[in-house]
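Data block below; observations after.
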Amino acid sequence: MRIGTFKSLFGFLLSLDEPIMIVGHAGIGKSTVIRQAAQELGRSVKTVLLSQLEPGDLIGMPVVINGQTVFTRPTFLPDRPGEVLFLDEFNRAPLFVRQSVLQLLTDRQIGPHRLPEGAVIIAAINPSDDEYEVNEIIDQAVLTRFIWIKLQNDPTDYYNYLVQEFKDATLARAAVQTLINFEVFQKDVELPKIQPNPRAMSKAVKILNKAKELQIDEEILIELLSGVIGREAAIYLINQIDTVVLNEEDLYKPAFEKLRKASPTAKVEVLLRVLAYGEPEKVSSEALELYTDEELASVLRSVQADMEKYMVGYIKLYRCHFSRIRRVLAVS
């Protein structure tokens with residue numbers, strides 16, 4: 001995802017109230033864009049480098065008050081509603097630190113310390129490849145706690161940033177062209193292998209439900225869902241939403257718009273249900289005219305493959321629409 005796109009979606013992402021994991025190469029501006037985007041929304045950011053912590057640092061220092069041991073609240077934890085907790089270098093942290101953070105992701109609490117209302121957790125990692133000494137994250141319990149987003153810099157976004165920061169378009173163009181020449185913007189990153197499960201699917205449904213209010217490009221939506229349930233499942237889910245479900249009444253009293261939008265498979269399946277269990281004589285000629293010859297030929301092949309199930313219904317349909325069916329028989 002381009003940095004500019006990420007910034008435009010930042011408010012939407014925070015509204016999901018789910019931990020976010022940013023994956024991107026070193027130096028692309030992950031920390032900067034999070035601070036800038038949060039500032040534009042009036043939110044402050046508290047940053048902690050997990051690679052420098054031990055589990056005890058997350059719980060706080062023990063002190064004795066009135067004869068009881070209590071743990072002081074770490075200064076890096078948000079203490080105001082709506083603050084952003086930025087966990088940088090997540091995959092450089094030792095395993096026991098990452099396991100301690102798991103409670104924070106799950107319960108919004110670590111030890112005795114709870115996050116305030118509306119506080120959001122954003123973590124960042126460098127990709128697990130030959131360029132970085134990092135710990136690969138393969139634990140599905142960790143993977144499914146986040147919305148994973150791969151962040152990439154783009155010549156246009158970077159040019160706009162330089163102009164805004166240094167007020168010099170000439171230097172900005174020279175800098176961008178140099179990075180283009182050395183193919184810096186072409187570096188891609190790969191997300192870990194994310195698999196769908198009920199917890200992850202609940203996040204996906206939350207994203208889709210909240211996205212109804214916005215006009216989010218479908219490819220961007222698929223990218224967001226890919227970081228929750230994996231790309232293959234994301235595409236399948238989107239296709240399921242767009243699928244038009246037909247019933248027998250749509251053929252008796254033709255639902256023209258539904259039939260035009262329905263997939264060939266849906267049209268074949270509903271007509272076969274009518275032949276097997278419905279009232280084929282009630283199928284309207286107008287509905288049948290919305291079937292292509294190939295779709296009707298597919299129905300006829302299914303009839304031939306299971307004549308016991310479909311033949312009685314097929315005969316009834318043929319008697320009412322013999323000219324349309326004979327047309328298909330002539331070319332099939």
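Of these, 82, 4, which one is closer than 25 Å to residue 214 by Cβ, assigned to a loop (DSSP other than H, G, I, E, B), at pLDDT 90 or above and not aromatic (Phe, Trp, Tyr)?
After applying the criteria, what remains is 82.
Would a scan of segment 90-111 turn up a residue that is touching a His at 6+ places or on another chain (Cβ under 6 Å), in the same structural domain as residue 19 (by TED's automatic domain parsing) and either on the phi > 0 side of the Ramachandran plot or not in a strand (DSSP E or B) (or both)?
So far as segment 90-111 goes, no, none of its residues is touching a His at 6+ places or on another chain (Cβ under 6 Å), in the same structural domain as residue 19 (by TED's automatic domain parsing) and either on the phi > 0 side of the Ramachandran plot or not in a strand (DSSP E or B) (or both).
Among the candidates 267, 282, single out the residue that is at pLDDT 95 or above and in contact with a Phe, Trp or Tyr (Cβ under 8 Å, 6 or more places away or on another chain).
Going through 267, 282 in turn, just one is at pLDDT 95 or above and in contact with a Phe, Trp or Tyr (Cβ under 8 Å, 6 or more places away or on another chain): 282.
Could you list, ordered by first residue, the pairs with Cβ atoms under 7 Å in which the first is in segment 124-135 and assigned by TED's automatic domain parsing to the domain that holds residue 192 and under 20 Å from residue 3 (Cα atoms) and the second is assigned to a loop (DSSP other than H, G, I, E, B) and of a type in the set (Ser, Thr, Tyr), at least 6 apart or interchain?
Hits for this filter: 126/132.
When residues of segment 199-242 are filtered for being surrounded by fewer than 16 Cβ atoms within 10 Å (Cβ to Cβ) and in contact with a Phe, Trp or Tyr (Cβ under 8 Å, 6 or more places away or on another chain), how many remain?
Residues that pass the stated criteria total 2.
Checking the conditions here, which among 42, 27, 56 is assigned to a loop (DSSP other than H, G, I, E, B), assigned by TED's automatic domain parsing to the domain that holds residue 92 and at pLDDT below 90?
27
The rows are residues; the columns are (1) among the basic types (Lys, Arg); (2) assigned to a strand (DSSP E or B).
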{"position": "121", "(1), (2)": "no, yes"}
{"position": "129", "(1), (2)": "no, no"}
{"position": "137", "(1), (2)": "no, no"}
{"position": "145", "(1), (2)": "yes, no"}
{"position": "159", "(1), (2)": "no, no"}
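For segment 114-141, what are the residues that are buried (at least 18 other Cβ atoms within 10 Å of the Cβ) and farther than 16 Å from residue 188 by Cβ?
Within segment 114-141, 115, 119, 120, 121, 122, 123, 124, 137 qualify.
Yes or no, residue by residue, for (1) surrounded by 18 or more Cβ atoms within 10 Å (Cβ to Cβ); (2) over 26 Å from residue 129 (Cβ atoms):
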{"position": "17", "(1), (2)": "no, yes"}
{"position": "25", "(1), (2)": "yes, no"}
{"position": "31", "(1), (2)": "no, no"}
{"position": "41", "(1), (2)": "no, yes"}
{"position": "45", "(1), (2)": "yes, yes"}
{"position": "67", "(1), (2)": "no, yes"}
{"position": "82", "(1), (2)": "no, yes"}
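Any residue in segment 159-174 that's surrounded by 14 or more Cβ atoms within 10 Å (Cβ to Cβ): show its pairings with residues that are at pLDDT below 95 and not in a helix (DSSP H, G or I) at Cβ separation under 9 Å, as long as the two are six or more apart or on different chains.
161/29; 161/153
Does segment 243-268 hold any residues that are part of a helix (DSSP H, G or I), of a type in the set (D, E, K, R) and surrounded by fewer than 16 Cβ atoms within 10 Å (Cβ to Cβ), and which are they?
Scanning segment 243-268 gives 249, 257, 260, 261.
Taking the condition touching a residue at least 24 places away in the same chain (Cβ under 8 Å), in the same structural domain as residue 175 (by TED's automatic domain parsing) and part of a strand (DSSP E or B), does residue 22 pass?
Spelling it out, residue 22 is indeed touching a residue at least 24 places away in the same chain (Cβ under 8 Å), in the same structural domain as residue 175 (by TED's automatic domain parsing) and part of a strand (DSSP E or B).
Given the condition modelled with pLDDT of 90 or more, more than 30 Å from residue 282 (Cα to Cα) and of a type in the set (Lys, Arg), answer yes or no: does some residue in segment 211-229 qualify?
Scanning segment 211-229, I find no residue that is modelled with pLDDT of 90 or more, more than 30 Å from residue 282 (Cα to Cα) and of a type in the set (Lys, Arg), so the answer is no.
Would you please list the contacts, defined by Cβ atoms under 6 Å and residues six or more apart or on different chains, that run from a residue in segment 228-252 that is farther than 30 Å from residue 321 by Cβ to a residue that is basic (Lys, Arg)?
Close Cβ pairs satisfying both conditions: 228/203.
Could you check segment 294-332 and list, in sequence order, the residues that are of a type in the set (Gly, Ala, Ser) and not in a helix (DSSP H, G or I)?
Within segment 294-332, 332 is the sole residue that qualifies.
In segment 305-332, what residues are at pLDDT below 95 and either of a type in the set (Val, Ile, Thr) or over 22 Å from residue 279 (Cβ atoms) (or both)?
Selection gives 305, 325, 327, 328, 329, 330, 331, 332.
The values are calculated or read from the model by the stated rules, or taken from the named source; none is laboratory data. All of these numbers come straight from a predicted model, not from anything done at the bench. Here Cβ is always computed from backbone atoms with ideal geometry, including for glycine, and neighbour counts include all displayed protein chains.
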